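All of the numbers you see were taken from the coordinates with simple rules; none came from a lab. Small disclaimer: the values here were computed from a predicted structure and weren't measured. Here the Cβ positions follow ideal geometry from the backbone for every residue, glycine too, while neighbour counts run over all protein chains shown.
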Amino acid sequence: MSTATERSAKERWEQEVAQAMSRPQPPTTVSGVPIEPLYTPESLPGFDYDAELGYPGQYPFTRGVHATMYRGRLWTMRQFAGFGTPRQTNQRFKFLLEKGQTGLSTAFDLPTLMGLDSDDPRAVGEVGRLGVAVSTLDDIRQLYDGIDLEQVSVSMTINAPAIVIMAFYLANAQDRGWDWKKLRGTIQNDILKEFHAQNEFVFPPEPHVRLVIDVIEFCTRHVPQWNPVSISGYHIREAGSTAVQELAFTLADGFHYVEQTMARGLAVDDFAGRLSFFFNAHNDIFEEVAKYRAARQLWAETMRHTYGARKEASWKLRFHCQTAGCSLQDKQPEVNLIRVAYQALAGVLGGCQSLHTNSMDETLALPTEHAVTLALRTQQVLAYETGVTNTVDPLGGSYFVEALTRQMADEARRYFDRLQQQGGVIAGIENGFFRREIAEAAYAYQRDVDAGRKIIVGVNAFTEAEEKPIDILVIDDTVEKDRIAALRAIKAARSNEEVRRHLDAIRRTAEAGENLMPVLIEAARARVTVGEAINAMADVFGRYDGAAKW
Amino acid sequence: MYLVATTVPPSGESEIMDKPPVRIVLAKIGLDGHDRGIKVVARGLRDAGFHVIYAGLWQTPESVVRTVADEDADWLGLSILSGAHMTLVPRVLHLLRQAGLEHVGVIVGGIIPESDVPKLLELGVARVFGPGTPIPEIVEFLRGRTPAPSAS
Amino acid sequence: MGNRQEIRELCQRFAAHDRQALSRLLTLASRGEQLEEIRHLVGAARAAPLDGQRGSPSRRVVAITGSPGVGKSTLVGRLIEVLRHQGSSVAVLACDPQSPLTGGALLGDRFRMPSRPEDPQVFIRSLATPGGRGAIPEHIDLMVALLQAFGFAWVILETVGAGQGETAVRHVADVVVLLVQPEAGDDIQWEKAGLFEVADLIVVHKADLPGADKVEAQIRTLVNLPGCREVPVLRVSSHQKEGLEELVKQIEILASQSRTSASSAKARLRDLLRERFVQAFEQLGGQAEELVRGWEEGRLSDEEVFAEVIERMASSSPSAN
């Protein structure tokens, strides 16, 4: 279709480019993907609008999962929070709701994330430090005290002991008179990415995945508005992966959960609509946007054609987005505000359903209220002042973005093939495939930065001789003592006979391969602790030392 | 004796490095599983000619000190991002001294608030490296400051 | 480093069961420093067994070999557990490759081996192995002797497992255990690497994975050809903790045979002689060139060349007692 004059225009341009000066480093994305100087219709051979993009809210959802996107409703502004005692975190929650936040997101401390009680010797020094410490039902009760759980959607970022925490949450909701059918929220409950990237796991992969499926199964039947898993690429990216690895590994994990849930006898359309995703928003705006768009396309395609889902809801990939913690620098920390703003822009241009913006001081400590407020204000400026919400998928149709979206999807498919050849996701965990791929990518990135091939403002360029310190949040050391004392009091007041009975029931149910949720909900009421429940399961499942794969 | 021979013929070719390689143990103490940094540093130091003994995740102060002792390491690199450094690092330093390993240099990497850095240095940490420290900076520091391995 | 005074002090501390002296001496041995002193020390030391198992004079030296990724470290970790459970003390020398370009090495094996820091009867040392020198580092025999003299009943060598130069481990180890795993492809890689020849015992590792039966069948047809020595084949799953006790038992049996069986001793001695002879020849340096020329031109007979090499062997023999 190109005419002689067009060709000559192109030739003229090519000549000019060849003669022009270019910067010393060939331009690549954050992930190292080479980028062409210009994208034109020729970059998209055989492009088919209806098949590849279609209309928003329609298959394959490349342009977004809702017909009107942000013209209808803005994304949920959800700031992750949690530290110290349940009471302290409860106060932070109320502070955030007052500032206009529209959903809650709970961060747990490391001992809780690893399934350890506050009084466990391995927890020393870590209780309440990076999140809130939760060991019993009473802690969950205090954590969400005074918050209308039928109105506010609650997200809980926890994985290895997710089923136990979910049981506590449901027991508390029921005891408080909330209707399970009206509860809205998300539990992360994604153990696979823990094996790939974040290393918060207890049991071997297979029984661990079984617990994930227990939660999906139970929620599908009894808590229908809840998202029982948030399939997460965020941590994979934080561990150093490329954008494509984040995309491919996350979707592969998702497919594994779908297969395992179907193997339980659930129909794909009964649960798929409640599977949610969680992606990273890194510095490279176009690479990130292409990643989200490719993710929606690939998921829709696979759910429809491989797993035979018939409902539109099952094809839709809905995702939460968080700006990249790993991109934040401890040098000139205020500059992080600017990074976060651009990353948030990428998330919104990519059509996220909810968004967390990091605070500028997170490489130094937990965020202060001042820093958290600025992070939230960043989202509000984006939503109400910049105009990016005015139309759906504003970057759709850009030759560059469409070409990058295609490329991203193709490379992800190649990863799916490689995984299949190895025998699937679990095999890839066992043989160290994921960990190696991610670690090598992380090292390649660091070498690029060290060699100055990638510029990080304030770190390897534009540095300041004198760094001005900023105020940071200090967690007082009384939290640990407070938590241990509270836990002792609960242990003293409960019936140990009853606790033993519940622990036996947990073991029996684990052994029998039945869904553990009902026994855990009952155990929660008898004040069985997180650590006790996890240990009882470990008696049956064993423990996993697979972090050794690297 | 049942052992009478060297098993491998001594090769005539000269060593790549004339000095014996520096041995460094890298470990994560505490519960946090964020191992991106330590893995990157491990690879970087390897490529700079160090012998890196990777002790991995979830190490306790006791297990770290045992590793340093058995590996006869010149350096110990601790990675910690969980905020528990003021609890765990002093314990490691104490145990090193108790084991007679005060000649081993200790470096710490991770999220360490500015105000804690002088405290750690005072306790005997040789240097604290924040997130995203260029590998060459760590290499240069270690090369310049390698403690003399002592036989006593 | 390591002047006379220091090394003497180290030896005294070693004799007094100072673990850090052991650690330091291992470093010196690995660097080829103070070899005479250390040889003397291990020759003289007659430490009581660490685990107090009297009446068990058997000291086991076991090499674990196999391709990278086959799970050597994991299996060694499991062996530590089983041996400790049985009350035996155990030391491990874990080898990883060293970069020929930078001399650097990433030694990650001990990470896969659980050891309780308070248990004095487990010792793990990571060793970098320069390329082209075989699967085990230089002076490893001396390191093994140090660990034995310190009282460790079992010494486990984990080789690099690159496939080349594995024969060297035969001279240090009583028993060489070769690990193979179920493979996705049909190719049997280990055959090419010549690993079967050195193995006293073949373990089908990761036996819980599909394909284990097939691999086991393949190996059995390969190793038990008529006229070949019998090589036991075992199935082990470190993951499921299956087959481990049986493996230890088999190693015990083979180790006692390797001491008593004349044919095996003869084979070991033959290997050793062959190697020492070649070594002596290479040590001749410039003189070797002359021998080669003389031999090529017919000025020297075979016997005359042998005599030169034998003389060299005699003069450079390590001063072992």
Net length gained if the chain between A:Gln151 and A:Ala313 were fully extended (0.36 nm per residue, minus Cα distance): 56.1 nm
Region A:460-494: trypsin sites (Lys or Arg not before Pro) in DSSP coil with no more than 16 other Cβ atoms inside 10 Å: A:Arg494
Peptide B:109-120: average number of partner chain Cβ atoms within 10 Å per residue? 3
So for R0 = 22 Å, FRET eff. of C:Glu36-C:Gln287 from the Cβ-Cβ r, to 0.05, ends up at 0.35
How far apart, in nm, are two points set 7 Å out from the Cα along the Cα-to-Cβ line at C:Asp208 and at C:Gln240? 0.8
Run the reach check for C:Lys214 against aspartates and glutamates, Cα to Cα strictly under 17 Å, same-chain hits fewer than 8 apart removed. What comes back? C:Glu183, C:Asp186, C:Asp187, C:Glu191
Can you find, among B:Ile29, B:Val52, C:Ala307, the residue farthest towards the positive end of the dipole of the protein assembly as shown? Put +1 on the C-beta of Lys and Arg, -1 on that of Asp and Glu. B:Ile29
So what are the ³J(HN,Hα) numbers for region A:67-77, from phi and the Karplus equation (6.51, -1.76, 1.60; θ = phi - 60°), rounded to whole Hz, Gly and Pro as x? 4, 9, 6, 6, 5, x, 9, 6, 5, 7, 8
Once phi for every residue in region C:30-44 is put through the Karplus expression 6.51 cos²θ - 1.76 cosθ + 1.60 (θ = phi - 60°), the whole-Hz ³J(HN,Hα) values, with Gly and Pro written as x, are 5, 8, x, 9, 6, 4, 4, 4, 5, 4, 4, 4, 5, x, 7
Would you tell me the mean number of C-beta atoms belonging to other protein chains that fall within 10 Å of each C-beta in B:58-70, as a whole number? 5
Could you work out how far helix A:530-541 tilts from the main Cα principal axis of chain A, as a 0 to 90 degree angle to the nearest 10? 80
Determine, for C:Leu201, A:Leu130, the number of other Cβ atoms within 10 Å of each Cβ, and report the residues in order from fewest to most. C:Leu201, A:Leu130
Below 8 Å between Cα atoms, with a sequence gap of 6+, how large is the relative contact order for chain A in percent? 19
Roughly speaking, what is the stretch gain from C:Asn3 to C:Ala15, that is 0.36 nm per residue apart minus the C-alpha to C-alpha distance, in nm to one decimal? 2.5 nm
Name the residues whose placed amide hydrogens come within less than 5 Å of the amide hydrogen of A:Ala160, ignoring near sequence neighbours (fewer than 5 apart) on the same chain. none
Can you spot the lysines whose alpha carbon is less than 17 Å from C:Lys72's alpha carbon? Ignore those fewer than 8 places along the same chain. A:Lys549, C:Lys206, C:Lys241
Which value, in debye to the nearest 20, describes the size of the charge dipole of region A:314-434 about its Cα centre when Lys and Arg Cβ atoms bear +1, Asp and Glu Cβ atoms bear -1, and nothing else is charged? 320
Tell me which residues come under 5 Å, amide H to amide H, from A:Ser153 once H is placed; ignore anything under 5 positions away on its chain. A:Leu104
Heads up, region A:402-550 by the C-alpha gyration tensor (a ≥ b ≥ c square roots of eigenvalues; a/c under 1.5 rounded, else a/b over b/c prolate, else oblate) looks oblate
Sort A:Ser359, C:Ser315 so the one with the fewest other Cβ atoms within 10 Å of its own Cβ comes first. C:Ser315, A:Ser359
Note on region C:1-46: alpha-carbon gyration tensor, axes a ≥ b ≥ c; rule is a/c under 1.5 for rounded, else prolate if a/b larger than b/c, else oblate; result rounded
Given only helices, namely DSSP H runs of n ≥ 4 each adding -39500 (n - 2.57), what is the per-residue ellipticity at 222 nm of chain A, to the nearest 500 deg cm²/dmol? -15000 deg cm²/dmol
At 7 Å along the Cα-to-beta-carbon direction for both C:Lys249 and A:Asp539, put a label point, then send me their distance in nm to one decimal. 3.0
Pseudo-spin-label distance A:Phe95 to A:Tyr384, built 7 Å along Cα→Cβ, given in nm, is 2.1
Given H placed on each backbone N at 1.01 Å, which residues far from C:Leu127 in sequence or on other chains put an amide H within less than 5 Å of it? C:Ala94, C:Cys95, C:Asp96
Pairs beyond 23 Å (Cα-Cα), from A:Lys193/A:Lys316; A:Lys99/A:Lys468; A:Lys481/B:Lys28: A:Lys99/A:Lys468; A:Lys481/B:Lys28
Along region A:156-172, Karplus-curve 3J(HN,Hα) (6.51, -1.76, 1.60; θ = phi - 60°) to the nearest Hz, with x for Gly and Pro, reads 10, 8, 7, 10, 3, x, 3, 5, 6, 5, 4, 5, 4, 4, 5, 4, 4
